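Trainee: Dropping the structure in here first, questions after.
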């Protein structure tokens, strides 16, 4: 194709109508700024104009599209040279002297969020009006994309703040973690985990928890719990007393409190290669221990979940892990993973899964459980999941 | 999957026989029903879960609220008939000690 011809008008007004309807659907179908900008340019060229340039926030030139692909780069160079169109009302671009041009400011929610420029030798009748119509719809879609991106960034930052930046090294223990928030990432999940050194440097504490619900309200309770666990550990409070205290802290939130299940443990590696552990399972799926011979056992006694009753007093369960043993801790995103009427945790499904993991490293066990969760149902999971694995020796 | 229930009165006792799954989609409706019963003056409310195959955390929330609400009004709220997954979740969450009663 060569440059310099006028855009061809659509044969009938029905054609234009379906063109605008289709364009609206396409623009409404994405929340990604780069894709929206490219889409807008491709909708405009070649039907309405020979070339199109789209400027987004801060007058950044986001896209240049030309009927003749080879002319796109030279055009971009010229546009970069001339700077962005600054006019706030639609009209020709007097500072730009190549052919005819028309500048359409992109306005959404009464704010100018960018501009679209169309150009060619001359415009077909109605082309400018149609471009204006598309620009209005694109502006709204772009503004939605901006709001969505801001929400996504906030959710991700909040989610990150609820998880430890890195796992500490524990002598004689391999540890591995898998964490997957549900959905597309715009929601903060209710699952969390933590692993940190306790005072004295000879023992470590870990936590795997699940706050009922999702979103910022659940995240607020998660944050409360995570900080409380670290502070109470730093105060050298015994493990079970930490839970008793945390339960009251959560209930003191009154109507903002949430139910929370929590598996909390205190790991103390011994000189003989064993690991002594205090454990409290407050309403949480019970941790499982795999022996090197493939047998699996539950490693704690259930105690009430947090945020229900004020008077609950938690008791520690003592556990000794021997070299070669693996402990698996999960949230209900694993055990309640659905496939139609069936769940992964039915009929000791998780025990059987772990029983097949003999000889694997902590990381390989975590990866195998994660894959089993993914493969279990045809539909993607709707729940968060957290998997924490420790292997001794 | 859905959830339905039937309510029966026998002397001073009100028994709700639930059927289906108590989850995010169904728990609010059940919760409203329990609240109404307790606010309506029922002092001995029992929920029969013999035909309930699943109860998630939102369902547990509803049961706990009913338990606390009944206690505040000087009444009782108990669970009977839980089996399989529902029995497991009540045991794992330690709610069995509050919600289950030996003699319903």
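The values are calculated or read from the model by the stated rules, or taken from the named source; none is laboratory data. Since this is a predicted model, take the numbers as computed values, not measurements. Here Cβ is always computed from backbone atoms with ideal geometry, including for glycine, and neighbour counts include all displayed protein chains.
Trainee: Run down A:320, A:334 and say which single residue is in contact (Cβ under 8 Å) with a residue 12 or more places away in the chain and in contact with a helix residue (DSSP H, G or I) (Cβ under 6 Å, 6 or more places away or on another chain).
Mentor: Being in contact (Cβ under 8 Å) with a residue 12 or more places away in the chain and in contact with a helix residue (DSSP H, G or I) (Cβ under 6 Å, 6 or more places away or on another chain) holds for just one of A:320, A:334, which is A:334.
Trainee: When the residues of region A:88-129 are filtered to those that are part of a loop (DSSP other than H, G, I, E, B) and free of Cβ contacts under 8 Å to residues at least 24 places away in the same chain, which remaining residue is nearest to residue A:44 (Cα to Cα)? Let's see the steps before the verdict.
Mentor: First pass over region A:88-129, keeping only residues part of a loop (DSSP other than H, G, I, E, B): A:88-90, A:92-99, A:109-110, A:121-126.
Retained after the next criterion (residues that are free of Cβ contacts under 8 Å to residues at least 24 places away in the same chain): A:89, A:92, A:94-98, A:110.
Working: A:89: 19, A:92: 17, A:94: 21, A:95: 22, A:96: 19, A:97: 21, A:98: 18, A:110: 23 Å.
Within region A:88-129, the match that is nearest to residue A:44 (Cα to Cα) is A:92.
Trainee: Right, something else. Sort out which residues of region B:13-32 are on the phi < 0 side of the Ramachandran plot and buried (at least 16 other Cβ atoms within 10 Å of the Cβ), and write them in order of number. Walk me through how you get there before you give the answer.
Mentor: Our first condition is that a residue be on the phi < 0 side of the Ramachandran plot; within region B:13-32, this holds for B:13-19, B:21-32.
Once the filter is applied, which keeps residues that are on the phi < 0 side of the Ramachandran plot and buried (at least 16 other Cβ atoms within 10 Å of the Cβ), region B:13-32 yields B:14, B:15, B:16, B:17, B:18, B:21, B:22, B:23, B:26, B:27, B:30, B:31.
Trainee: Return yes when residue A:340 is touching a strand residue (DSSP E or B) at 6+ places or on another chain (Cβ under 7 Å) and either within 11 Å of chain B (Cβ to nearest Cβ) or under 26 Å from residue B:61 (Cβ atoms) (or both) and no when it is not.
Mentor: It is false that residue A:340 is touching a strand residue (DSSP E or B) at 6+ places or on another chain (Cβ under 7 Å) and either within 11 Å of chain B (Cβ to nearest Cβ) or under 26 Å from residue B:61 (Cβ atoms) (or both).
Trainee: Here's a check for you: in region A:201-222, which residue that is assigned to a helix (DSSP H, G or I) and farther than 30 Å from residue A:171 by Cβ is nearest to the other protein chains (Cβ to nearest Cβ)? I'd like the intermediate steps shown before the answer.
Mentor: Step one: list which residues in region A:201-222 are assigned to a helix (DSSP H, G or I), which gives A:215-222.
Imposing the further condition that a residue be farther than 30 Å from residue A:171 by Cβ reduces the set to A:215-221.
Values: A:215: 13, A:216: 18, A:217: 13, A:218: 11, A:219: 16, A:220: 17, A:221: 13 Å.
This residue is A:218.
Trainee: Kindly provide the set of residues from region A:297-320 that are over 33 Å from the mean Cα position of the chain (by Cα) and away from every other protein chain (no Cβ under 11 Å), ordered by number.
Mentor: Answer for region A:297-320, where residues must be over 33 Å from the mean Cα position of the chain (by Cα) and away from every other protein chain (no Cβ under 11 Å): A:297, A:313, A:315, A:316, A:317, A:318, A:319, A:320.
Trainee: Checking the conditions here, which among A:35, A:47 is crowded, with 18+ Cβ neighbours inside 10 Å, out of contact with any strand residue (DSSP E or B) (no Cβ under 9 Å at 6 or more places or on another chain) and in the same structural domain as residue A:149 (by TED's automatic domain parsing)? Working first, answer last.
Mentor: Values: A:35 fails: crowded, with 18+ Cβ neighbours inside 10 Å.
Exactly one of A:35, A:47 is crowded, with 18+ Cβ neighbours inside 10 Å, out of contact with any strand residue (DSSP E or B) (no Cβ under 9 Å at 6 or more places or on another chain) and in the same structural domain as residue A:149 (by TED's automatic domain parsing), namely A:47.
Trainee: While we're looking at this one, here's another question. Of the conditions (1) at negative phi; (2) within 31 Å of the chain's Cα centre (by Cα); (3) surrounded by fewer than 16 Cβ atoms within 10 Å (Cβ to Cβ); (4) without any contact (Cβ under 8 Å) to a residue 60 or more places away in the chain, residue A:17 clears all except one; give me its number.
Mentor: (2)
Trainee: Let me ask you something else. What pairs can you find where one residue is in region A:255-274 and in contact (Cβ under 8 Å) with a residue 12 or more places away in the chain and on the phi > 0 side of the Ramachandran plot, the other is surrounded by 20 or more Cβ atoms within 10 Å (Cβ to Cβ) and assigned to a strand (DSSP E or B), and their Cβ atoms are less than 8 Å apart, with a gap of 6+ or different chains?
Mentor: Correct list of pairs: A:273/A:392.
Trainee: With the structure loaded, tell me whether residue A:26 is in contact (Cβ under 8 Å) with a residue 60 or more places away in the chain, in the same structural domain as residue A:123 (by TED's automatic domain parsing), within 26 Å of residue A:149 (Cβ to Cβ) and in contact with a helix residue (DSSP H, G or I) (Cβ under 9 Å, 6 or more places away or on another chain) or whether it fails that test.
Mentor: no
Trainee: Next question. Here is a list of conditions, (1) part of a helix (DSSP H, G or I); (2) in contact with a helix residue (DSSP H, G or I) (Cβ under 7 Å, 6 or more places away or on another chain); (3) surrounded by 18 or more Cβ atoms within 10 Å (Cβ to Cβ); (4) away from every other protein chain (no Cβ under 14 Å), and residue A:228 meets all of them except one; can you say which number that is?
Mentor: (3)
Trainee: With respect to the numbered conditions (1) in a loop (DSSP other than H, G, I, E, B); (2) more than 13 Å from chain B (Cβ to nearest Cβ); (3) buried (at least 24 other Cβ atoms within 10 Å of the Cβ), which one is the sole condition not fulfilled by residue A:323?
Mentor: Single failed check for residue A:323: (3).
Trainee: If the Cβ limit is 6 Å and pairs must be 6+ apart or interchain, which residue in region A:187-199 that is assigned by TED's automatic domain parsing to the domain that holds residue A:153 and within 14 Å of residue A:160 (Cβ to Cβ) pairs with which residue that is modelled with pLDDT of 90 or more and surrounded by 19 or more Cβ atoms within 10 Å (Cβ to Cβ)?
Mentor: So the pair list comes out empty.
Trainee: Can you find even one residue in region A:327-339 that is modelled with pLDDT under 95 and either in a strand (DSSP E or B) or over 19 Å from residue A:354 (Cβ atoms) (or both)?
Mentor: Yes, the conditions are met somewhere in region A:327-339.
Trainee: So, one more: Among the residues of region A:286-296, write down those that are within 12 Å of another protein chain (Cβ to nearest Cβ) and touching a residue at least 24 places away in the same chain (Cβ under 8 Å).
Mentor: A:287
Trainee: Identify the single condition in (1) on the phi < 0 side of the Ramachandran plot; (2) out of contact with any helix residue (DSSP H, G or I) (no Cβ under 7 Å at 6 or more places or on another chain); (3) away from chain A (no Cβ under 13 Å); (4) at pLDDT 90 or above that residue B:10 does not satisfy, given that it satisfies every other one.
Mentor: Looking at each condition in turn, residue B:10 falls short on (4).
Trainee: Still on this structure: Is it true that residue A:233 is in the same structural domain as residue A:254 (by TED's automatic domain parsing), more than 22 Å from residue A:369 (Cβ to Cβ) and at pLDDT below 95?
Mentor: The answer is no for residue A:233.
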